[in-house]
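The values are calculated or read from the model by the stated rules, or taken from the named source; none is laboratory data. Fair warning: this is a prediction, and the values are worked out from it, not measured in the lab. Note that each Cβ is placed from the backbone with ideal geometry, even for glycine, and that neighbours are counted across all protein chains shown. With ligands, DNA and RNA removed, areas are computed over all heavy atoms of the protein, side chains included. Shrake-Rupley method; radii C 1.70, N 1.55, O 1.52, S 1.80 Å.
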Amino acid sequence: MKEVFEQAIRGLAFEYAVVPTSAIAFSRELQKSCETNICGKYNKCWTCPPAIDSIDIQIKKIIAFSSAFVFTTKSTLEDSYDYEGMVKAKEYHDRLTADMHERFGKTNPVFGAGGCTICKECAYPEPCRFPEKTFTSIEAAGINVTELSHAGKLRYNNGANTVTYFSMILFN
């Protein structure tokens, strides 16, 4: 599967690596921090807490697979306050992750950067309008992205005036 994922992502992602799921660092505090609603999606989005499974269930689901194909995108910003640039970079990353989910998500769970952005306003708590297109946030699953980057020898910080986003696909 690694070669299949590499072929699908080549030229589109910044970096990628295979990480054994046994090397993924989980943090109960990270998933719990979602409750502060810093991103505005807590209790408002089907791919974020409390709508997703508990961290214990997330961990069991993730470690049921042997490996994670982790990929990043990196974008250059005008300056560290370039919010519009960050939004455009996140949109690109989300489209790439959605494409990978469409291609491989039926058999290989996909996790993205932050909560779902398919709909302008999520239907939550009403049924999701596009459940076949959604994927859970890496952070909402309690995964420490900094530690994930170290496990895959991927750069977490790519210098001043850049933004880097992470996604992953599980496989055996």
(message) With the alpha-carbon atoms as the only input, what is the per residue convex hull volume for the chain in Å³?
(response) 110
(message) How charged is the neighbourhood of Asn37? Take every other residue with its Cβ under 15 Å from the Cβ of Asn37, and add Lys/Arg as +1 and Asp/Glu as -1.
(response) +1
(message) Let me spell out the model: positive unit charges on the Cβ of Lys and Arg, negative unit charges on the Cβ of Asp and Glu, origin at the Cα centre of the stretch 76-172. What dipole size does that give, in debye rounded to 20?
(response) 380
(request) Only Lys, Arg, Asp and Glu count, each charged at its Cβ (+1, +1, -1, -1), so figure out the dipole size of the stretch 87-128 about its Cα centre, rounded to 20 debye. (result) 140
(request) Just reorder Leu12, Leu30 by solvent-accessible area, largest first, 1.4 Å probe, all chains present. (result) Leu12, Leu30
(message) Beyond a 23 Å Cα-Cα separation, which of these cross-linked pairs lie in this structure: Lys32/Lys61; Lys41/Lys106; Lys60/Lys90; Lys44/Lys153; Lys61/Lys106?
(response) Lys41/Lys106; Lys60/Lys90; Lys44/Lys153
(message) Once ligands and nucleic acids are excluded and a 1.4 Å probe is used, how much of Thr117 is accessible, expressed in Å² to the nearest 10?
(response) 80
(message) Probe radius 1.4 Å, ligands and nucleic acids left out: which of His93, His101 has the largest accessible area, and how do the rest follow?
(response) His101, His93
(message) Need one value: the accessible area of Cys122 in square angstrom, 1.4 angstrom probe, rounded to the nearest 10.
(response) 40
(message) Modelling each spin label as a point 7 Å along the Cα-to-Cβ direction, I'd like the Phe130/Thr107 distance in nm, to one decimal.
(response) 2.5
(message) Could you sort Ser67, Ser22, Ser54 by their accessible area in this structure, using a 1.4 Å probe and putting the largest first?
(response) Ser22, Ser54, Ser67
(message) Test of understanding: extend the Cα→C-beta vector of Lys2 to 7 Å, then name every residue of the stretch 12-37 with backbone N under 15 Å from that spot.
(response) 16-23
(request) With all protein chains present, calculate the accessible area of Glu3 using a 1.4 Å probe and round the result to the nearest 10 Å². (result) 120
